[in-house]
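Comments concern the structure below.
The values are calculated or read from the model by the stated rules, or taken from the named source; none is laboratory data. Note that the structure is predicted; figures quoted are calculated from it, not measured. With ideal geometry, Cβ positions are generated from the backbone for all residues, glycine too; neighbour counts draw on all protein chains shown.
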Amino acid sequence: KDITFVSKVDSSALTRKPVMKWVKGKWLDLSSKAGKHLKFKESYDRNTKIYTYEMSIIKVVDGDAGGYRCEVTAKDKCDSCTFEVSVQAAQEDQQDNILEAFKRS
């Protein structure tokens, strides 16, 4: 499945647009990995002065598990948030007749 992470930044006290960085592990900047598997989106609401940043992982795989961090910086201000992603195999729908498993041969 796909998953999307959303970060909102209130810029009412900022003089310019903040810079958002998505990081995997300790230092892997994910902006260079944008493409079919990772998508980034940002939007701005003029009324509330809130920037919305999104990172979507398309068709999550085992390799996507691990620690992530989003960092926002604006001039002399900085903030970050860390989160963990764990990946589990999807439950397959079993439509088979359970009695078939006990059939004698």
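Observations on the model:
- Scanning segment 31-83 for residues that are of a type in the set (Gly, Ala, Ser) and either in contact (Cβ under 8 Å) with a residue 60 or more places away in the chain or surrounded by 11 or more Cβ atoms within 10 Å (Cβ to Cβ) (or both), we see that the one that is nearest to Leu14 (Cα to Cα) is Ala74.
- Some residue of segment 69-80 being among the charged types (D, E, K, R), outside any loop (DSSP other than H, G, I, E, B), at pLDDT 85 or above and in contact with a Cys (Cβ under 8 Å, 6 or more places away or on another chain): yes
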